[in-house]
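I have placed the structure first, in the form of structure tokens, so that the comments after it can refer back to it.
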């Protein structure tokens, strides 16, 4: 009996140690500034957990320009790296936004304040030829289609817009090759596939380093609410890994 218990304990320790050695945590920081006036809108600090080279989860803390924490975000890539579940909590008023990937689409849950009544919505989408993403799934999606992007191909996909309670069909394509922080990089342009939507909305630009394929700059409408107004934020967001 004792020998069996010891064997199981030793086996568990070996498995845990192997998992710890195999897992990798990468830390990052970001700064979002107003592209018009240059004022800092928010900063962030976070960590990204990978196991066997695959994304597992991420934790992000959003800070006001004075350094005060105002929001937290948890991202879970385990079920689907392109459509990870996420939970965003605004610590100032308790506002919550959650997205959960399901077999038939997405569950959205909103709560205007800590004492507010939860508001649930369902978006139907069957996985097929056109994949549906949540915003944190963009970097792994572009990395997965890297060869197509570098060849200049247009990639079409759906993206969840939780505040609008809908899926929007978008397209992304290589804009040009640039140098970012003295390193070769690719600038991607993302915008609605629909001509009318595209006409009335500005594109989002994403910059990825060629060597690491990491997102280092995001320019355009961001899903984090502008802490100054409570509405959508147009940002020039840069990352340091």
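Being surrounded by fewer than 15 Cβ atoms within 10 Å (Cβ to Cβ) and either within 28 Å of residue 102 (Cβ to Cβ) or in contact (Cβ under 8 Å) with a residue 40 or more places away in the chain (or both) is a property that residue 72 lacks. You will find that of 108, 86, the residue that is in a strand (DSSP E or B), closer than 20 Å to residue 226 by Cβ and either in contact (Cβ under 8 Å) with a residue 40 or more places away in the chain or over 14 Å from the mean Cα position of the chain (by Cα) (or both) is 86 and no other.
Within the stretch 224-241, the set of residues being at pLDDT below 95 and more than 19 Å from residue 48 (Cα to Cα) comprises 225, 226, 227, 228, 229, 230, 231, 232, 233, 234.
Say whether the condition of being under 27 Å from residue 40 (Cα atoms), surrounded by 14 or more Cβ atoms within 10 Å (Cβ to Cβ) and either free of Cβ contacts under 8 Å to residues at least 40 places away in the same chain or touching a helix residue (DSSP H, G or I) at 6+ places or on another chain (Cβ under 6 Å) (or both) is met by at least one residue in the stretch 167-175. Steps first, answer last, please.
Going residue by residue through the stretch 167-175, those that are under 27 Å from residue 40 (Cα atoms) are 175.
Filter once more, so that each one left must be surrounded by 14 or more Cβ atoms within 10 Å (Cβ to Cβ): 175.
This time we only want the ones that are either free of Cβ contacts under 8 Å to residues at least 40 places away in the same chain or touching a helix residue (DSSP H, G or I) at 6+ places or on another chain (Cβ under 6 Å) (or both), so: 175.
Within the stretch 167-175, one or more residues are under 27 Å from residue 40 (Cα atoms), surrounded by 14 or more Cβ atoms within 10 Å (Cβ to Cβ) and either free of Cβ contacts under 8 Å to residues at least 40 places away in the same chain or touching a helix residue (DSSP H, G or I) at 6+ places or on another chain (Cβ under 6 Å) (or both).
Could you say whether any residue in the stretch 31-51 is more than 30 Å from residue 233 (Cβ to Cβ) and at pLDDT below 90? No, there is no match, as no residue in the stretch 31-51 is more than 30 Å from residue 233 (Cβ to Cβ) and at pLDDT below 90. Only a single criterion out of (1) surrounded by fewer than 16 Cβ atoms within 10 Å (Cβ to Cβ); (2) in contact (Cβ under 8 Å) with a residue 24 or more places away in the chain; (3) under 26 Å from residue 95 (Cβ atoms) is not satisfied by residue 201, namely (2). Taking the criterion of being farther than 14 Å from residue 62 by Cα and crowded, with 19+ Cβ neighbours inside 10 Å, the only residue of the stretch 220-234 that qualifies is 220.
Filter the stretch 111-125 down to residues that are in a strand (DSSP E or B) and surrounded by 14 or more Cβ atoms within 10 Å (Cβ to Cβ) and give me whichever is nearest to the chain's Cα centre (by Cα).
123
Residue-by-condition table, conditions (1) within 21 Å of residue 118 (Cβ to Cβ); (2) in contact with a helix residue (DSSP H, G or I) (Cβ under 8 Å, 6 or more places away or on another chain):
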site: 30; (1), (2): no, no
site: 34; (1), (2): no, no
site: 42; (1), (2): no, no
site: 65; (1), (2): no, no
site: 71; (1), (2): yes, no
site: 79; (1), (2): no, no
site: 93; (1), (2): yes, no
site: 97; (1), (2): yes, yes
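The values are calculated or read from the model by the stated rules, or taken from the named source; none is laboratory data. Predicted model only: the values in this text are computed from it and were never measured. Ideal geometry is used to build each Cβ from the backbone, glycine not excepted, and the neighbour counts take in all protein chains shown.
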